[in-house]
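Okay, so here's the structure we're looking at.
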Amino acid sequence: MTVTATAAASGANATERFKSDKFVGVAGTPPERVSLLAREVLEAVHGTIRKHKVSYAEYNALKAWLIAVGEDGEWPLFLDVWVEHVVEEVATEHRAGNKGTIEGPYYVPDAPERGARGSVPARDDEPGTPLTWTGRVTSTDGRTLAGAKIELWHADADGFYSQFAPGIPEWNLRASFTADESGRFEIHTVRPAPYQIPTDGACGKLIAAAGWHAWRPAHLHVKVSAPGHELLTAQLYFPGDEHNDDDIASAVKPELLLAPRPVEGGEAIDYGFVLDPERS
Ligand code: MBD
Ligand code: FE
């Protein structure tokens, strides 16, 4: 692959996507809660400054860096990599069904529909090991969830996401499946590569300056939904990936590890989902 994704290109797309898709607002939030949350975050910052005697040079570096995060369109990336996992933890701690994890910045709704069985949109010469994924969707109350929707999106074998990197067809490796009468589905795709945070943007500069690594392990993203049930957002991981234990986005959980087995022409996985009924 000759084109490289720039932080500015993928960041601008992620920022636009978020603005159009997610800004529903929390208009009814009482001022007491806004004040409490804002004050405690600021106090945490003040505490760090006092504890480590942060200098003016460091303060100005922070200011310049925060401006660059916005200019590079990397607020979605920054927040989803370093903050979202705790929001997800708090939001789903009551669940008895499937573990989930963070959504990240690259979901796009309304991907092409493929019924209960089919292949994700892919290029004729799509690189990567072919992957056949079978599974079943049920409820924690034991019911089969016929008609459940399984939305899948993932990076290609170079680690790039369609709509967030140049030169990739719009819906490449993005599709929506519908579980059959017995709750089953069968998906044909390819194994994604690990994802590297762009090195040329503000997030990459923080990573380099701090001496961290920039990697997420290879993963498949899903959203699984059914009427009367809580939306499950998850990612599935491949055993043996060197970053399963130190994902920069802290989003790996043991329950989300796949167990691929070699089959003729590729590999196969079996992984199903158990959804929690909506709380009344
Ligand atoms: C990704 O692919 C991702 O899933 C997350 C959470 C953050 C950055 C890139
Ligand atoms: Fe991802």
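Here the chain is assigned +1 on the Cβ of each Lys and Arg and -1 on the Cβ of each Asp and Glu. Its dipole about the Cα centre then comes out at about 580 debye. Stretching residue 8 away from residue 268 to a fully extended chain increases their span by 90.0 nm, per 0.36 nm per residue minus the current alpha-carbon distance.
In summary, the convex hull built on the alpha carbon positions of the stretch 199-280 has an orientation-averaged projected area of 8.4 nm².
Here the chain is scanned for trypsin sites (Lys or Arg not before Pro) in DSSP loops (not H, G, I, E, B) that have at most 10 other Cβ atoms within 10 Å, and the longest stretch holding none of them is 54-278. Across the options 77, 128, 153, the greatest Cα extent toward the positive end of the charge dipole of the chain (unit charges at beta carbon of Lys, Arg, Asp, Glu) belongs to 77. Starting from the stretch 182-280, pick out the GluC sites (Glu not before Pro) whose DSSP state is loop and whose Cβ has at most 11 other Cβ atoms within 10 Å. Here the sparse-neighbourhood loop sites are 242, 264, 278. Take the chain with all the other protein chains still there, run a 1.4 Å probe, and you get 53 Å² of accessible area per residue. Hey, which of these cross-link pairs are over 28 Å Cα-Cα: 19/63; 19/205; 63/223? From 19/63; 19/205; 63/223, over 28 Å: 63/223.
Using the Cα coordinates of the chain, the gyration tensor eigenvalues translate into equivalent-ellipsoid semi-axes of 34, 24, 17 Å, sorted from longest to shortest.
Measuring spread by the Cα atoms of the stretch 50-162 yields a radius of gyration and Dmax of 20.5, 60 Å. Zone of residue 182 (label point 7 Å along Cα→Cβ, backbone N under 15 Å): which residues in the stretch 118-134? It comes to 134, nothing else.
In this rough spin-label picture, where each label sits 7 Å from Cα along the Cβ direction, the residue 255-residue 279 distance is 1.5 nm. Computed over protein heavy atoms with a 1.4 Å probe, the carbon and sulfur contribution to the accessible area of the chain reaches 56%. So how far, in whole Å, is the C-alpha centre of the stretch 184-240 from the one of the stretch 247-280? The two parts, judged by their Cα centres, are 12 Å apart. Here's the picture: charge each Lys and Arg Cβ at +1 and each Asp and Glu Cβ at -1 in the chain, and of 56, 176, 229 the one pushed furthest to the positive end of that dipole is 56.
Extension gain for the segment residue 123 to residue 90, taken as residue separation times 0.36 nm less the Cα-Cα distance, is 8.0 nm to one decimal. 3J(HN,Hα) along the stretch 106-123, derived from phi through the Karplus expression 6.51 cos²θ - 1.76 cosθ + 1.60 where θ = phi - 60°, amounts to 10, 6, 10, x, 6, 6, x, 8, 10, x, 7, 9, x, 9, 6, x, 8, 6 Hz, with x in place of Gly and Pro. For the chain, the longest piece that avoids every one of the chymotrypsin sites (Phe, Trp or Tyr not before Pro) found in DSSP loops with at most 15 other C-beta atoms within 10 Å covers 24-211. Annotation for the stretch 12-99: GluC sites (Glu not before Pro) lying in DSSP loop with at most 16 further Cβ atoms inside 10 Å of their Cβ are 93.
Under the simplified labelling scheme, the residue 82-residue 50 pair shows an inter-label distance of 2.3 nm, with each label point 7 Å from Cα along Cα→Cβ.
The values are calculated or read from the model by the stated rules, or taken from the named source; none is laboratory data. These numbers come from a predicted model, not from an experiment. For neighbour counting, all protein chains shown are included, and Cβ atoms are generated from backbone atoms with ideal geometry for every residue, glycine included. Note: accessible area is taken over every heavy atom of the protein model, side chains too, but ligands, DNA and RNA are not part of it. Shrake-Rupley method; radii C 1.70, N 1.55, O 1.52, S 1.80 Å.
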